[in-house]
Amino acid sequence: MEMLIWTTVAGLLIGAVLLVPRWRRRRALAAPLAPGRVAMLAHSLPIYDRLGAELQGQLQRLVQQFLYDKKFVGCDGLEVDDDMRVTIAGQACLLLLNRFTRVYPALHTILVYPGAFLVPRNVVDGAGVVTATRQDLLGESWGDGRVVLAWDHVRRGGADWHDGQNVVLHEFAHQLDSESGSTNGAPYLGSQSSYRNWSQVLSRDFAALRADAMLRQHSVMDHYGATSPAEFFAVATETFFEKPWQMAERHPALYGEFGKYYRVDPRQWQDAPLAHGDSDAPASHGDPGARYGNWR
Ligand SMILES: [Zn+2]
């Protein structure tokens with residue numbers, strides 16, 4: 001009898017340990033995003049008002065889940081406040097609208113530095129000599145579930161939604177890319193797209209960007225995308241969301257493939273620029289030597 005009681009108590013305890021966190025999470029995610037956070041989201045995302053009620057609702061639910069599941073860590077003395085968390089979550093979750101996917105399931109931690117951060121790098125020269133050096137980065141996406149961001153560039157990228165440069169969109173595009181098992185510019189496409197079309201279109205435009213970068217010719221996409229197919233996908237994602245009219249005009253097939261993948265048309269969220277407005281903007285990052293991170 002005593003044995004039965006202890007077995008029952010142990011079973012109840014194990015059940016509580018397993019079920020209570022799930023119940024808490026379900027209850028938290030069922031609640032609407034707090035009004036204060038909705039205001040932060042609207043303030044930090046210049047296109048928020050243009051999304052429409054349906055996509056705004058989706059974004060709020062995605063942000064709610066992101067904020068519940070992911071851990072934010074301030075680095076170099078930075079204290080990460082709720083405004084920072086909502087700003088980062090809002091931009092990251094923009095990539096998930098209409099996609100009915102999980103919220104970056106492999107990601108668990110976002111490390112936030114006040115500004116560009118130094119990371120050790122091994123540089124190999126033409127003779128194969130490896131030199132240890134340090135490089136300034138604005139963001140980095142790791143395959144072990146971490147994203148690293150420079151807060152001043154997150155804020156700047158969100159404030160200017162027309163320059164095609166956004167470190168959050170860039171690093172979280174790397175996260176999506178890695179969900180297919182390898183980070184190579186070919187994310188999991190689902191049933192909406194054909195890998196053959198995707199590969200043909202991206203290979204052609206990647207080669208064109210490499211040629212532009214080599215000849216130092218201006219391009220609608222940042223020349224950093226010529227670094228590798230993975231960087232091309234991340235840079236093209238920034239361009240798709242921030243310079244959709246220019247991308248659709250200069251790279252219609254690429255814009256079509258990204259439209260099928262992301263399942264949104266960001267042209268609906270901003271007015272068409274005046275004739276050839278900034279499509280010839282210089283293809284360089286704001287900080288000399290700083291980059292939007294190399295996936296590892
Ligand atoms: Zn990158």
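The values are calculated or read from the model by the stated rules, or taken from the named source; none is laboratory data. Since the model is a prediction, treat every value here as computed from it, not as a measurement. FYI the Cβ positions are ideal-geometry reconstructions off the backbone, even for glycines, and counts take in every protein chain you see. Keep in mind that these areas ignore ligands, DNA and RNA; they rest on the heavy atoms of the full protein, side chains included. Shrake-Rupley method; radii C 1.70, N 1.55, O 1.52, S 1.80 Å.
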Rounded to the nearest 10 Å², the 1.4 Å probe accessible area of residue 170 is 0 Å²
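From the helices alone, meaning DSSP H stretches of at least four residues, give me the mean residue ellipticity at 222 nm for the chain, per-run term -39500 (n - 2.57), in deg cm²/dmol to the nearest 500. Please report the intermediate quantities before stating the final value.
Numbers: 10 runs with 142 residues, N = 296.
The per-residue figure over the chain is -15500 deg cm²/dmol.
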Expected field for residue 160, accessible surface area in Å² at 1.4 Å probe radius, rounded to 10, holds 60 Å²
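Relative contact order, percent, of the chain when contacts are C-alpha pairs under 8 Å separated by at least 6 residues?
Relative CO of the chain lands at 17 percent.
Let me know the charge dipole size of the chain about its Cα centre in debye, to the nearest 20, where only the beta-carbon of Lys, Arg (+1) and Asp, Glu (-1) is charged. Before the final figure, lay out each step's value.
On the way: 29 positive and 32 negative charges, 208 e Å.
Roughly 1000 debye, rounded to the nearest 20.
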Heavy-atom accessible area with a 1.4 angstrom probe orders 38, 168, most exposed first, as 38, 168
Within the set 244, 229, 273, GNM on the chain using Cα springs under 10 Å gives the largest fluctuation to 273
Rounded to the nearest 0.05, FRET efficiency between residue 210 and residue 144 (Cβ-Cβ, R0 25 Å) equals 0.25
Using a 1.4 Å probe on heavy atoms of the protein chains only, the accessible area for residue 235 in Å², nearest 10, reads 0 Å²
Quick tally, 1.4 Å probe accessible area for 141, 199, 178, sorted with the most first, runs 199, 178, 141
For the chain, the percent of accessible surface on carbon and sulfur atoms (probe 1.4 angstrom, ligands and nucleic acids excluded) is 56 percent
Relative contact order as a percentage, region 67-138, C-alpha pairs under 8 Å and 6+ apart, gives 33 percent
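Write down the accessible area per residue of the chain in Å², having rolled a 1.4 Å probe over the full set of protein chains. Don't skip to the end; give the middle numbers.
On the way: 14950 Å² over 296 residues.
Computed with neighbouring chains in place, this is 51 Å² per residue.
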